[in-house]
Each structure stands twice: as C-alpha cells, then as structure tokens.
Amino acid sequence: QVQLVESGGGLVQPGGSLSVSCSASGSIFSINVMGWFRQAPGKQRELVARITTRGNTDYADSVKGRFTISRDNAKNTVYLQMNSLKTEDTAVYYCNLEQRVTSYWGQGTQVTVSS
C-alpha cells in the first residue's frame, strides 16, 4: 500500500504564489510517476502536472509557464510551485502516484484564489 500526505494550499490573491507538496510512504517502486490533479466544483478532475522519477514533466496547457512541478526521489516527495495564480485555479488539488498498474491518491488540499 501507498499513503500520500499533502501539505500547503490555502487562500491567495490573484497574481500571487502558493506551493503544495506531497510525501509518499509505503511500498513505493523505484519507477513511478507522481503528479497533481485538481477538481473545481461541478467539474471533472483534471491533470495539472506530473513528473517521472527521471524528471520528465508534463503540464496542462492552462498552467504552462506558471506552475512548476519538481520531486525529490530520496524523500518520495513531489512539489508544485504555483505562480501568477488566477481565480480559475481555485480547486481541490490532489496528489497522485502511479506505479505499475495502480494509482494512489491523496486526500486533497484546497487552493482558493480570490481577492
């Protein structure tokens, strides 16, 4: 089993910055993909960004140039730095880890962008 614990998030004004992090523990394989998804009220959960253990990254078009994903493989931790935040970035952000054919999820952390 794998457990994901998220931290960070909160309330920020438009144009501001915020970061979230997620630490994984349990049976973690050396090759995996960690990432962040988000779900706004009334909308489907969508990919924000993901990163492989080799450091290859993938971003949603809506966050390219504003968000940066990174990871520390030794700590099994993934980070998401969010800059130039917009009101439409408001959502619950979920950490995700994929390994082999299994996907694990964190409990989610709220990010609210509002003046």
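With the condition kept exactly as written, say whether any residue in segment 31-43 is open to solvent by less than 60 Å² (accessible area, probe 1.4 Å), under 26 Å from Gln1 (Cβ atoms) and without any contact (Cβ under 8 Å) to a residue 40 or more places away in the chain. No, that holds for no residue.
Among the residues of segment 55-74, how many are on the phi > 0 side of the Ramachandran plot and surrounded by 16 or more Cβ atoms within 10 Å (Cβ to Cβ)?
Residues flagged as on the phi > 0 side of the Ramachandran plot and surrounded by 16 or more Cβ atoms within 10 Å (Cβ to Cβ) within segment 55-74 amount to 0.
Out of Leu11, Leu47, one residue alone is among the hydrophobic types (A, V, I, L, M, F, W, C) and in contact (Cβ under 8 Å) with a residue 40 or more places away in the chain. It is Leu11. In segment 59-101, of all residues being without any contact (Cβ under 8 Å) to a residue 40 or more places away in the chain and part of a strand (DSSP E or B), the one that is nearest to Leu47 (Cα to Cα) corresponds to Tyr59.
In segment 11-32, of all residues being among the small types (Gly, Ala, Ser) and within 14 Å of Asn83 (Cα to Cα), the one that is farthest from the chain's Cα centre (by Cα) corresponds to Gly15.
The values are calculated or read from the model by the stated rules, or taken from the named source; none is laboratory data. These figures come from a predicted structure and were not determined experimentally. Methodologically, a virtual Cβ is constructed for each residue, glycine included, from the backbone with ideal geometry; neighbour enumeration extends over all protein chains shown. For the accessible areas, the whole protein counts, side chains as well, though only heavy atoms, and no ligand, DNA or RNA atoms are used. Shrake-Rupley method; radii C 1.70, N 1.55, O 1.52, S 1.80 Å.
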